[in-house]
Amino acid sequence: MNQTITPLDHEKVFRDPVHNHIYIRYQVILDLINTTEVQRLRRIHQLGTTSFTFHGAEHSRFSHSLGVYEIARRISENFNKNYPSKVPGDGLWDANEELVTLAAALLHDVGHGAYSHTFEHLFNTNHEKITQEIITSPDTEVNKVLRTVSDDFPDKVASVINKTYPNKQVVAMISSQIDADRMDYLLRDAYNTGVKYGTFDLDRILEVMRPYQDGIYFEMDGMHAVEDYLMSRFQMYQQVYFHPVSRSMEVILNRLLLRAKEIFTNTTQVNAQTPFILLPFFKGEFNLNEYLKLDDGVLETYFNTWKSHPDKDLRELATRFLDRKPLKSVAYDEDTAYLLPKLKELISEAGFNPKYYTATDTNFDLPYDAYRPNKKPIQLVQHDGSLQELSTVSPIVNAISNKSTGDQRFFFPKDVIIPDQNINLFQSKFDEFNKYIKNGKLITPKEK
Ligand code: NI
């Protein structure tokens with residue numbers, strides 16, 4: 001019998017603030033947790049710059065990964081007990097799928113890098129591709145552990161992440177409109193930010209979840225728990241994930257890395273401020289090994305050294321990021337977008353290079369998608385066995401279904417509109433700039 005897939009003699013239990021306990025029952029899962037690639041996730045914040053707004057949000061991708069594993073474990077335990085497959089293809093749960101589900105849940109974010117969202121845009125990295133590479137590359141510890149199950153096990157786990165795995169129940173558990181990943185991050189992010197609206201009844205949702213031929217559906221009796229989950233998701237996006245201050249700190253991070261790239265890519269001068277670990281990304285040629293050296297601490301250590309760099313913009317952007325000096329922002333739309341060049345001009349006249357101190361950013365979210373074929377809708381099973389798409393029976397879900405919400409914002413230095421004694425040089429610009437802003441929105445100023 002394969003040692004790694006036999007249950008442990010004594011299960012391991014980790015304490016967790018969201019799920020209370022996380023149960024480890026297989027040696028292979030314990031070995032995966034102990035790999036260098038998974039341990040690295042301890043050094044990457046789950047929410048990037050959100051902790052500049054909600055200071056409690058310091059939790060790591062490691063704790064989220066364990067949480068997703070635990071939810072997937074509970075789903076498969078419930079399915080093993082209540083919906084075991086009797087003949088292949090009967091649409092019930094095949095217990096042989098348990099291990100691939102648990103491994104994929106644990107590893108689904110293993111390719112995330114430091115400040116992923118900002119970093120990916122700037123340097124064309126892709127955490128989903130890198131997750132699959134970490135799983136399938138023979139050079140990683142994760143791959144070595146997975147191969148103790150079977151030679152083709154790494155490919156199976158990678159195909160779950162890639163959504164091409166043949167068993168759609170497994171794919172839906174890790175990646176769908178209501179999956180272990182989303183359920184964990186909503187609860188964990190609500191817990192750590194301290195907001196009160198991200199919570200929902202996870203126990204109830206897991207109770208009403210059922211396997212069927214093409215995925216997972218929910219019993220009609222659990223409709224309100226599912227509604228509550230979607231409302232939580234909606235509110236977390238509007239209130240937490242799209243917070244303008246966190247987004248402005250992302251803008252500063254983006255401009256800081258951009259300026260660093262300009263300065264250091266072709267530098268011949270080498271000193272303590274040279275970001276050796278970042279150079280491959282600045283040059284656009286990096287390998288997996290170089291990627292795995294990055295974490296939030298590495299970036300922040302460089303930023304710290306740049307606070308005294310001779311380049312004024314690099315120095316100031318690093319200081320703004322580390323000392324939390326967010327940019328101000330204003331919402332705009334297609335009718336007012338024409339004013340942006342004028343505002344940039346004023347900012348430039350006030351002494352700020354618009355390239356480093358302004359940005360536009362668009363954030364929209366679709367809280368529930370009832371129609372798109374590639375995103376399966378949430379199905380409820382009636383007492384007579386027929387299926388109903390959630391928004392057709394839930395008025396509250398119908399109200400948010402297929403409606404994307406969010407905004408477009410223009411970011412600029414606060415100093416332009418909030419004059420401080422030291423920079424009253426900007427007073428005249430401040431008055432002029434303010435004519436364009438009303439109730440946080442960009443407006444066309446009235447002619448005198
Ligand atoms: Ni995740």
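The values are calculated or read from the model by the stated rules, or taken from the named source; none is laboratory data. What you see is a predicted model; the values in this text were computed from it and never measured. Reconstructed Cβ throughout: ideal geometry from the backbone, glycine too, with neighbour counts over all protein chains shown. Heavy atoms of the whole protein, side chains included, go into the accessibility calculation; ligands, DNA and RNA do not. Shrake-Rupley method; radii C 1.70, N 1.55, O 1.52, S 1.80 Å.
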Report the full-extension gain for the segment residue 355 to residue 96: residue separation times 0.36 nm, less the Cα-Cα distance, to one decimal in nm. 87.8 nm
For the range 243-326, just say rounded, prolate or oblate: build the C-alpha gyration tensor, square-root its eigenvalues into a ≥ b ≥ c, call rounded for a/c under 1.5, and beyond that prolate if a/b exceeds b/c, oblate if not. oblate
Quick one: grab the alpha carbon gyration tensor of the chain, order the square roots of its eigenvalues as a ≥ b ≥ c, and give me rounded if a/c is under 1.5, else prolate or oblate depending on whether a/b is larger than b/c. oblate
I want to check the label-to-label distance for residue 136 and residue 58. Put each point 7 Å from Cα in the C-beta direction and report it in nm to one decimal. 3.9 nm
Estimated inter-spin distance, residue 304 and residue 333, nm [label 7 Å along Cα→Cβ]: 4.6 nm
With a probe of 1.4 Å, find how much accessible area the chain has per residue, and write the answer as a whole number in Å². 46 Å²
Could you order 396, 130 so the one with the most accessible surface comes first? Probe is 1.4 Å. 396, 130
With the 8 Å Cα cutoff and a minimum separation of six or more residues, the range 243-326 has a relative contact order in percent of 38 percent
Pairwise FRET efficiency - residue 269 versus residue 121, Cβ, R0 = 25 Å, nearest 0.05: 0.35
Percent RCO, i.e. relative contact order, over the chain, from Cα pairs under 8 Å lying at least 6 residues apart: 14 percent
Using a 1.4 angstrom probe with every protein chain in place, what is the largest-first accessible-area order of 381, 393? 393, 381
Most mobile of 432, 70, 58 per a Gaussian network model of the chain (Cα springs, under 10 Å)? 432
Less than 18 Å from a label point 7 Å out along the Cα-to-Cβ axis of residue 228: which backbone N atoms in the range 9-50 qualify, by residue? 18-20
Using a 7 Å offset from Cα along Cα-Cβ at residue 83, what residues in the range 195-231 end up with backbone N under 16 Å from the label point? 203-223, 226
What is the range 3-239 by shape, rounded, prolate or oblate, if you read a ≥ b ≥ c off the alpha carbon gyration tensor as root eigenvalues and call it rounded for a/c under 1.5, prolate for a/b larger than b/c, and oblate otherwise? oblate
Express the carbon and sulfur contribution to the solvent-accessible surface of the chain as a percent, rounded to the nearest whole number, probe 1.4 angstrom. 48 percent
